[in-house]
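For reference, the structure discussed in these notes is given below.
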Amino acid sequence: MITKTNPFIREVLDWTVHIVIAVLIGLFIVTFVAQITIVNGSSMETTLQDGDRLIIEKISPRFGWLKRGDIVTINDYPGLDSERKPIIKRVIGVEGDRIEIRGGKVYVNGEALDEDYINVDAQGTLEVNVKFSELSVPKGHIYVLGDNRLPGQSKDSRTFGTVEIKDVGGKAIFRFFPFNKIGTLK
């Protein structure tokens, strides 16, 4: 056999096998486990800033482990601008929740949310589309809002309605840049 007599060929084949295995493991991780994303825009201010680098885990959406307060990436929704893909928002309601926006406040199942993380003006969270300002979240969907609720700053469920869980890319779990804000996300 050639590989027994030629150590160079044996070495090249050994390296090739290891590189192919490393590439396959990397593709598996990025596709099914976790990936890095960069925040694009101001819709999540004050929690996240344009240019923040995040680690997104992809296991929670696949198993339906999303809960209120999670920060998620969304890969698709009606009218998604492909240049802004994916978008990042906060989960406000999960399937079965009753969402209502009135008087500048967000209500989930009749209780006003205490949202100390949002960026709002004196008017609070405003309705954008009346049909998405009072609804029940259907099975297999979530209701998401940006943390920046100033008028025109966040295209979210107030604009396009609920999001199918299958369109959620992952859950943001850790910010690693900028270095002065390294840590887990809440």
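Placing one identical point scatterer on every Cα of segment 116-171 and ignoring solvent, what is log10 I(q)/I(0) from the Debye formula at q = 0.13, 0.16, 0.21, 0.23 Å⁻¹? Per q value, in the given order, log10 I(q)/I(0) is -0.35, -0.52, -0.84, -0.95. Take every Cα pair under 8 Å whose residues are at least 6 apart in sequence, average their separation, divide by the length of the chain, and the relative contact order is 25 percent. On the basis of the beta-carbon distance and an R0 of 25 Å, VAL130 and ARG98 show a calculated FRET efficiency of 0.95. Surface listing: THR125, THR16 arranged by accessible area from highest to lowest gives THR16, THR125, probe 1.4 Å.
The solvent-accessible area of TYR107, taken with every protein chain present and a 1.4 Å probe, is close to 40 Å². Placing unit charges on the Cβ atoms only, positive for Lys and Arg and negative for Asp and Glu, gives the chain a dipole magnitude near 460 debye about its Cα centre.
Look at the dipole of the chain built from charges on Cβ: of GLY110, LEU13, THR46, the Cα furthest out on the positive end belongs to LEU13.
When nucleic acids and ligands are ignored and a 1.4 Å probe is applied, PHE63 ends up with an accessible area of around 130 Å². Highest average first, the peptides 27-40, 148-161, 45-58, 129-142 ordered by how many other beta carbon atoms sit within 10 Å of their residues are 148-161, 45-58, 129-142, 27-40. Each pair of Cα atoms in the chain enters the Kirkwood radius, and Stokes-Einstein at 10 °C and 1.306 mPa s then converts it into a translational diffusion coefficient of 87 µm²/s. Each label point was placed 7 Å from the Cα along the Cα-to-Cβ direction; for VAL12 and THR31 their separation is 2.9 nm. Here the accessible area is traced with a 1.4 Å probe on the protein chains. For the chain, carbon and sulfur cover 59 percent of it. Most fluctuating residue of GLY169, GLY93, GLY69 in a GNM of the chain with Cα springs under 10 Å: which is it? Taking springs between Cα atoms under 10 Å, the residue moving most is GLY69. For the chain, the solvent-accessible area with a 1.4 angstrom probe is 58 square angstrom per residue.
The values are calculated or read from the model by the stated rules, or taken from the named source; none is laboratory data. Nothing here was measured: the structure is a model prediction, and the numbers come from that model. All Cβ positions, even for glycine, are placed from backbone atoms using ideal geometry, and neighbour counts span all protein chains on display. Each accessible area value is taken on the protein alone, full model and side chains, heavy atoms only, with ligands, DNA and RNA left out. Shrake-Rupley method; radii C 1.70, N 1.55, O 1.52, S 1.80 Å.
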